[in-house]
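The next block holds one structure in the form of structure tokens; read it before the comments.
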Amino acid sequence: MALSKAQFGNFRLFALETGTFRLDGGSIFGVVPKTLWSRRLACDEQNRILLTARVLLVHSAATGRVYLIDSGIGHKFDEKFVKIYGLDFSGHTLESSLEHHGFRTSDITDVVFTHMHFDHCGGTVRHGVDGQPELTFPEAPHWVHTAHWDNVLHPNEREISSFLPENIEPLRESGQIQLVDDGHVYEPGFEIIVVDGHTPGQQLPLLTDGKRQLLFAADLLPTTVHLPLPWVMGFDTRPLLTLEDKKRVFGRCIRENTLLFLEHDPQHELVKLGDTPQRPSVTWTGTLDDL
């Protein structure tokens with residue numbers, strides 16, 4: 001997908017493609033049988049579904065801050081890891097997408113993690129010239145919800161494999177982690193919605209231009225195929241809570257005509273929802289270029 005951008009009130013928004021990866025279809029769709037999800041998404045011979053790691057750059061005219069929302073998987077992993085997850089950086093990397101839009105890693109003033117599963121935070125740690133791990137954005141505070149950071153440091157057995165030491169330890173040791181709570185406002189027009197079903201303390205950035213709203217949906221809505229309320233990922237620690245999270249947030253998005261920015265859907269970047277919170281549907285799709 002082409003790299004898009006938009007003016008959104010006081011914010012300039014830039015879509016960054018950081019590469020693609022593949023996850024097992026059963027993990028992605030939980031209890032939903034393959035006979036149903038495979039009608040909507042194709043899988044490879046290993047039953048893996050193609051996903052993108054699309055993140056968002058937010059440049060504020062009011063404060064001059066340059067926020068990076070999530071950072072993709074990164075490309076510091078060994079050949080075995082690359083093969084398991086089918087990592088592909090031939091189209092884009094975080095760095096090449098930043099360069100396309102006229103930014104460098106040194107321009108990032110703040111990193112906002114929706115959560116710290118490896119496909120959302122891996123790009124913030126890289127290998128330096130000496131082969132040792134270093135922060136990609138060493139001067140930037142890295143913002144995490146308090147409940148989620150506690151979960152990262154004391155992971156449950158379902159999530160422990162998603163919190164990779166090569167991502168977490170350099171960040172923990174850096175002193176660059178900053179904690180936020182429910183209701184946090186980064187600046188006027190930039191606040192968060194917190195959901196807890198996928199993982200405790202997943203913060204979803206919500207931007208407004210005064211008339212419209214845009215929500216970074218992260219893993220509340222990985223793809224448009226996950227729109228039906230019971231279609232919950234097998235990774236979610238509390239799937240029934242995810243169902244309630246979806247109903248609550250989708251209901252708000254329908255009432256307030258909010259755009260949703262999708263992180264993992266290879267075909268859809270932005271969507272609008274309609275109908276009811278119990279049976280939501282996609283009424284519009286597009287990219288930042290369409291705003």
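The values are calculated or read from the model by the stated rules, or taken from the named source; none is laboratory data. Keep in mind that this is a model prediction, so the values were computed, not measured. Neighbour counts are summed over all protein chains in view; Cβ atoms, including those assigned to glycine, are modelled from backbone coordinates with ideal geometry.
Listed here are the residues, each with its yes/no results for (1) among the β-branched types (Val, Ile, Thr); (2) closer than 23 Å to residue 15 by Cβ; (3) assigned to a strand (DSSP E or B); (4) within 16 Å of the chain's Cα centre (by Cα).
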site: 204; (1), (2), (3), (4): no, yes, yes, yes
site: 215; (1), (2), (3), (4): no, yes, yes, yes
site: 240; (1), (2), (3), (4): no, no, no, no
site: 253; (1), (2), (3), (4): no, yes, no, no
site: 268; (1), (2), (3), (4): no, yes, no, yes
site: 278; (1), (2), (3), (4): no, no, no, no
site: 284; (1), (2), (3), (4): no, yes, yes, no
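Checking the conditions here, which among 39, 54 is without any contact (Cβ under 8 Å) to a residue 40 or more places away in the chain and not acidic (Asp, Glu)?
Working: 54 fails: without any contact (Cβ under 8 Å) to a residue 40 or more places away in the chain.
Exactly one residue qualifies, and that residue is 39.
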Of the residues 212, 255, 279, 238, which is of a type in the set (D, E, K, R), surrounded by fewer than 21 Cβ atoms within 10 Å (Cβ to Cβ) and within 25 Å of residue 148 (Cβ to Cβ)?
238
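Output the residue which, of all residues in the stretch 84-126 that are among the β-branched types (Val, Ile, Thr) and not in a loop (DSSP other than H, G, I, E, B), is nearest to residue 27 (Cα to Cα).
Residues of the stretch 84-126 among the β-branched types (Val, Ile, Thr): 84, 93, 105, 108-109, 111-112, 114, 124-125.
With not in a loop (DSSP other than H, G, I, E, B) added as a condition, the list becomes 84, 105, 111-112, 124-125.
Values: 84: 14, 105: 33, 111: 28, 112: 26, 124: 25, 125: 26 Å.
Filtering first and then ranking leaves 84.
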Residue that is farthest from the chain's Cα centre (by Cα) [pool: residues in the stretch 69-95 that are under 22 Å from residue 262 (Cβ atoms) and surrounded by fewer than 16 Cβ atoms within 10 Å (Cβ to Cβ)]:
90
For a quick check of your reading of the model, give me the residue pairs whose first member lies in the stretch 91-109 and is under 15 Å from residue 58 (Cα atoms), whose second is surrounded by fewer than 13 Cβ atoms within 10 Å (Cβ to Cβ) and modelled with pLDDT under 95, with beta-carbon atoms closer than 8 Å and at least 6 apart or on different chains.
106/139; 109/139
In the stretch 215-257, anything within 27 Å of residue 19 (Cα to Cα), without any contact (Cβ under 8 Å) to a residue 60 or more places away in the chain and in contact with a Lys or Arg (Cβ under 7 Å, 6 or more places away or on another chain) is listed as 220
Within the stretch 10-43, count every residue that is outside any strand (DSSP E or B), surrounded by 22 or more Cβ atoms within 10 Å (Cβ to Cβ) and polar (S, T, N, Q).
0
